[in-house]
Amino acid sequence: MDYITLIQLLDSTVRLATPLLLACLAGLFSERAGVFDIGLEGKMLAAAFFSAALASITGSVWLGLAAGIGASMVLSAVHGLASITFRGNQLISGVAINFLAAGMTVLIAQDWFAQGGRTPSLFGGARFEPITLPFAKTVEDVPFLGPLYEELISGHSILVYAAFLAVPLTWWILFRTRFGLRLRAVGENPAAVDTAGVSVVGLRYAAVGIAGLLCGVAGAYLSTALQAGFVKDMSAGRGFIALAALIFAKWRPWYALWATLLFGLFGALETRPDVIQSVIGIKVQGQLLGALPYLMTVVILAGFVGKAIPPRAGGEPYVKER
Amino acid sequence: MTDTAPAIELKGISKAFGPVQANKDISIRVMPGTIHGIIGENGAGKSTLMSILYGFYKADAGEIFISGKKTDIPDSQAAIAAGIGMVFQHFKLVENFTVLENIILGAEDGRLLKPSLSKARKTLVSLAEDYGLNVDPDALIQDIGVGMQQRVEILKALYRQADILILDEPTGVLTPAEADQLFRILGRLRSEGKTIILITHKLREIMEITDTVSVMRRGQMTATVKTAETSPPELAELMVGRKVLLRVNKKPATPGEVILDVKGLRVVDSKGVERLRGIDLQVRAGEVLGLAGVAGNGQSELLEVLGGYADGTGSVTLNGTPLDLSGKKSDGQSRRARGVAHVPEDRQREGLIMDFQAWENNVFGYHHDDRFNSGMLMDHAAIRADAEDKMARFDVRPPDPTLAAKNFSGGNQQKIVLAREIERNPDLLLIGQPTRGVDIGAIEFIHEQIIALRDQGKAILLVSVELEEILALSDRIAVMFDGQIMGERAADQTDEKELGLLMAGITDTENEHSVAEVEANLARVGGDASKEV
C-alpha cells in the first residue's frame, strides 16, 4: 500500500466517521443526562430526508440543513415528552421513533417527489460542497505533508469541520461549565439535582434537544454532503453504530472521536477490499468489517477492555421520592 | 421569648395521599438557635411534614412562617432561598463527583465552573474552622465513608447559607462514635445560632441532644414538650399510644447441641476483596447469637454464604453434616431442604417481590412443597388458604392475601416474610435486620416471635445494626469488624459502650480510646460500609 492510498483511505475514514461522530455526541449528551436514546438512527434518517427534500425544493442547502435539524428536534421532543414528561420507557420510545422515521420518510418522499421514495439528486447550491482550505493547491506537491494537507485535511464539507470542532466543544461544555456539571449530575443522581433546587426535567429536555440538533446535522450530512439526495433507509444502521461507539468511548467526548474514527476506518476498508488484501495477504469479506463495530462493542461490554460504566441513572425516569 | 419570632412556624398543615391522611392539622413552633426533635413511628408522617417544608410536596392546607414571615414553598429552590437545608436519610450526592462538585451543584456562581470551585474551596476552609466539619474537597464521594458523606450533605446546606437545618434519621447509618461526632457538630451549629430539626425514631438521641421534642402519631402531632421535662417511657407512650416494653421479656436460654458450626469461613467478592477473613462461630439449639457491627463489615456476606447464594471457603456444618460452600451443589432451595430458613436483610429486594400479591409471596422458596401443588399445577386454593391462615396468626394488616406486597407497611411486609420462613419449622433461622423500617408495635411482635422460636429449641443467628435490638434479643453477642469476629460476649455481661468499641475494631476495651483512633479505624473500612448502605 503506497502513501497516496493510505491518505485516500484516511480521507474516506474521516468522511464516514463524521455522521457517526455527530450521532455519537448526540447520544453522549442525551445519555449523560440519563436519557437513553436508541432513536439516533430514526432522527438521522428523518433529518436526512427533510434536508434533501428542502434543499431540492428550495435549492438552498442551508434551508435543507435547517429543515433536517427541525425534523430531528421534533422527534427529540417526542422522545422527551414520552420519556421525561410521561416517564415512559425510553427504549420503547426510541424504537418507535426509528420505525416512525423509516416509514414516514419513504411515504412523504413518494408523495412529494414520486421517485420511488427518494428525493431528486441534489446539485449545486443544494449540496454541501467540499471546502478547499487556503494554500491546498500550492502545497499539493510538497512531499509527504502536501498530500496530507491537500487530500486529508482540506477538501471536506463544512459539516465535517463542524463535527470535529464539536468534540472539544462538547468536552468544554460538559466539564467546564455549570450546565455541564448539572447535566452530568442529572444522569448520575437526579435526586441530587432536584434537592439542589435545579429542574431535572428542564436539564433533560435541554440534553435531548442538543441530541436532536446534532442528529439533525448528522442526517443532513448524509443526504446533502456524503451523498447527493435521500434514498430509503440511507442511515443504514449508523445510529446504532454510533451507540456502539458511545459505549466504546465510555461516554467521553475525546474517546468518542477515536471510537468513531476507528469505526469509520472499518467502513472505509469495507469499500477497499483490495487494500486489505495487499496488506495482510488474505481476502477479507466486506461484511466482516461491517460487523466489526458490533463485535468490538460486545467485547467491550463483556469487560475485556476495561469497564464501561454507563451513567447511573440512565434509562430511569425520575420520580420524586422522599 | 415572645419577642423573637420562631425560626419556623407551621400552622394547620394537612396533606393527604389518596385516602391516607399523612399529615392532619399540624402546628409547630421552632425557636431559633434550638434543636427540635420530631419523633414518631414509621409512617407517622414525619418525613411527609419535612418534605412539605422542603418543597417536595404541596400541603393541602396550612401555612408556613419562616422567621415570622409567611412563606410559600412550592419547590426546593424556594426552600433553599428561605434558608432551609435538608439532610436526607438517603444522601442526595453524585457518587462519582468530588466533594467540591457536589457542594456547588445547583449553587454555582456563574456559567463557568472554575470561579465557583475556587470560591467553594475557600468557603469550605472557613466552614471547617467554624464548625469542625473537615472534609477533603477533592475526594470522590464513592471513596469516602458514610459519616463523611453526611458531612458533605451538611456542608451543602451551610454553603447555601441555610439557617435552618433538617436532618432526617441522620444516625441510621452511623456507628455510635460517628453519631457522637455528629451530635458534637450539631451542638456547635446550635451555638452558632442555627436552628436544627432532628427527625428520628430513636429516643436516646432525642434525650441526648434536643431542646424540645414533638411527637407524631398517625399523621397528627400528639405533643410538644421540653426535652428536660420528659422521659423516654413517656415519649414512647406518646408515640404508640400505649405502654411499650423496651426490653424483651425472655427466660434465660437453655442451649442444647451445636446446630451451626462455622470454621475458618472466607469469602472473596467479585472485585477480589476479601470480605470474610476467617470466621469461626457456633450457634446452639435454643439460643440467639447476635451479630453486631457497622453495616458493611461482612455480616451481609456471612448471611449470603450461609443462606446458599454466595460462595465461600472454609468449613460449615449443620447438625454435624457439612454444607456445600462452593456454590456447585447449593442454593437457597437446598439450604431450605437442610432446615435453614432465611429472613434476608433487605426484605424488599431479597425477601419479597414487591409487585406480587401477598399469597404469592407467601410460598416463594417453598413453592415445590407437595401441599402447594397438585400434579403439574400449583394448587392456588391451598396456597391462598395457607396465606390467610398465616396472615391471621402473624397479625398482618390488612389481612388481605390479594394485596400486592408493596402496599403493606414495612412491619407487615416483614411479618409476611417471617411467617413464611418460621412456619416451616427450621433448625436454623438466619435473620438480618429483622426490624429495619418497622414500627414499634410490629417490632415487639417480631421480637416475640424470634424468642418463641428460640424457646422451641431452634438456633437463631441474628444480624442487626441496631445495638439495642442485639442486646435485647441475643443470648450471646459476636461483633464483626472488617470481615472478622472481634470478640464474643455474653449478652448480660456487656453494654453498648463495650460493643461500640469492638464495632470500631478496638479489642482492648478496658482503656480509654480517643475519638481519633476510633475514626481512623472506621475510615479504614468506611469505603466498604458506604456501599452497603
Quiz item: Karplus couplings for the range A:162-174 from phi (6.51 cos²θ - 1.76 cosθ + 1.60, θ = phi - 60°), rounded to Hz, Gly and Pro as x?
Solution: 4, 4, 5, 5, 5, 5, x, 5, 4, 4, 5, 4, 5
Self-check item: Estimated vicinal HN-Hα couplings, Hz - the range B:284-294 in sequence order (Karplus 6.51, -1.76, 1.60; Gly, Pro = x)
Solution: 9, 4, x, 9, 10, 9, x, 10, 9, x, 6
Self-check item: Simple Cβ-charge dipole of the range B:316-470, Lys/Arg +1 and Asp/Glu -1, about Cα centre, in debye nearest 20
Solution: 420 debye
Quiz item: Taking the Cα atoms only, what angle lies between the long axis of helix B:176-191 and the longest principal axis of chain B, rounded to 10 degrees?
Solution: 10 degrees
Quiz item: Per residue, what volume in Å³ does the convex hull of the Cα atoms of chain B enclose?
Solution: 169 Å³
Quiz item: Hey, quick one: spin label on B:Val268, modelled 7 Å out along Cα-Cβ, who in the range B:309-335 has an amide N within reach, i.e. under 17 Å?
Solution: B:310-315, B:325-328
Quiz item: Of all DSSP beta bridges in the protein assembly as shown, what percent run antiparallel (nearest 5)?
Solution: 55 percent
Quiz item: Looking only at GluC sites (Glu not before Pro) in DSSP loops with at most 15 other Cβ atoms within 10 Å, what is the longest site-free stretch of chain A?
Solution: A:141-320
Quiz item: With axes computed from alpha carbons, what is the tilt in degrees of helix B:113-131 against the longest principal axis of chain B, rounded to the nearest 10 within 0 to 90?
Solution: 80 degrees
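Using the 10 angstrom Cβ neighbour count as an exposure proxy, how do B:Asp482, B:Asp400 rank, fewest first?
B:Asp400, B:Asp482
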Exercise. At a Cα cut-off below 20 Å, give the aspartates and glutamates reachable from B:Lys271, other chains included and same-chain residues fewer than 8 away excluded.
Key: B:Glu95, B:Asp143, B:Glu301, B:Glu304, B:Asp311, B:Asp482, B:Asp528, B:Glu532
Quiz prompt | For chain B, calculated [θ]222 nm from helices alone, where every DSSP H run of n ≥ 4 adds -39500 (n - 2.57) | solution = -10000 deg cm²/dmol
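Residue separation times 0.36 nm, minus the C-alpha to C-alpha distance between B:Glu63 and B:Asp138: what's the value?
Using 0.36 nm per residue and subtracting the Cα-Cα distance, I get 22.9 nm.
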Quiz item: With a 10 Å Cβ neighbour count serving as the proxy for reagent exposure, in which order, fewest first, do A:Val198, B:Val125, B:Val396 appear?
Solution: B:Val125, A:Val198, B:Val396
Quiz item: Where does each of A:Val35, A:Val201, B:Val305 land when they are ranked from fewest to most other beta-carbon atoms within 10 angstrom?
Solution: A:Val201, B:Val305, A:Val35
Quiz item: Residue by residue through the range B:358-372, which ³J(HN,Hα) values in whole Hz follow from phi under the Karplus form 6.51 cos²θ - 1.76 cosθ + 1.60 (θ = phi - 60°), with glycine and proline marked x?
Solution: 4, 5, 6, 4, 5, 10, 4, x, 10, 6, 8, 4, 4, 5, 9
Quiz item: Mind listing the Cα extents of the range B:103-216 along all three principal axes, in Å, largest one first?
Solution: 46, 29, 25
Practice problem: Order these peptides, B:27-35, B:416-424, by their mean beta-carbon neighbour count within 10 angstrom, highest first. | Solution: B:416-424, B:27-35
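Other chains' Cβ within 10 Å of B:73-79 residues: what's the mean?
3
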Quiz item: Which pairs in the list B:Lys15/B:Lys46; B:Lys70/B:Lys156; A:Lys250/A:Lys320; B:Lys69/B:Lys194; B:Lys24/B:Lys46 are over 19 Å apart, alpha-carbon to alpha-carbon?
Solution: B:Lys70/B:Lys156; A:Lys250/A:Lys320
Quiz item: Spin-label point model (7 Å from Cα, Cβ direction): what's the B:Ser118 to B:Glu237 distance in nm?
Solution: 6.3 nm
Exercise. Would you mind pulling out the separation of the Cα centroids of the range A:20-53 and the range B:266-285, in Å?
Key: 49 Å
Practice problem: Determine which aspartates and glutamates satisfy two conditions relative to A:Lys283: a Cα distance under 14 Å, and not lying fewer than 8 residues away in the same chain. | Solution: A:Glu270, A:Asp274
Self-check item: Per-residue [θ]222 nm for chain A (sum of -39500 (n - 2.57) over DSSP H runs n ≥ 4, rounded to 500)
Solution: -21500 deg cm²/dmol
Quiz item: Looking only at other chains, what is the average number of their beta-carbon atoms within 10 angstrom of each beta-carbon in A:196-202?
Solution: 5
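Could you size up the charge dipole of chain B around its Cα centre, putting +1 on the beta carbon of Lys and Arg and -1 on that of Asp and Glu, and report it in debye to the nearest 20?
Taking the Cα centre of chain B as origin, the dipole is about 1000 debye.
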Quiz item: When we measure straight from the Cα of A:Lys137, which aspartates and glutamates land under 18 angstrom away, once same-chain ones fewer than 8 places off are left out?
Solution: A:Asp11, A:Glu129, A:Glu150, A:Glu151
Self-check item: Approximate spin-label separation A:Ile280-B:Lys328, in nm, with each point projected 7 Å along Cα-to-Cβ
Solution: 4.0 nm
Self-check item: Helix B:380-393 axis, angle to chain B major axis (alpha carbon atoms, nearest 10°)
Solution: 60 degrees
Quiz item: Looking at chain B, what % of its DSSP beta bridges pair antiparallel, to the nearest 5?
Solution: 55 percent
Exercise. Please work out the FRET efficiency for the pair B:Ser374 and B:Phe17, using the Cβ-Cβ distance as r and a Förster radius of 35 Å; give the result to the nearest 0.05.
Key: 0.25
Quiz item: With the dipole of chain B worked out from charges on the C-beta (+1 for Lys and Arg, -1 for Asp and Glu) around the Cα centre, which of B:Met486, B:Asn407, B:Pro434 lies farthest toward the positive end?
Solution: B:Asn407
Quiz item: Taking the Cα centre of the protein assembly as shown as the origin and placing charges on Cβ (Lys, Arg +1; Asp, Glu -1), which of B:His201, B:Gln282, A:Leu22 is farthest toward the positive end of the dipole?
Solution: A:Leu22
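Here, each number is a calculation from the coordinates, and none is a lab measurement. None of the values given here were measured: they were computed from a predicted structure. Methodologically, a virtual Cβ is constructed for each residue, glycine included, from the backbone with ideal geometry; neighbour enumeration extends over all protein chains shown.
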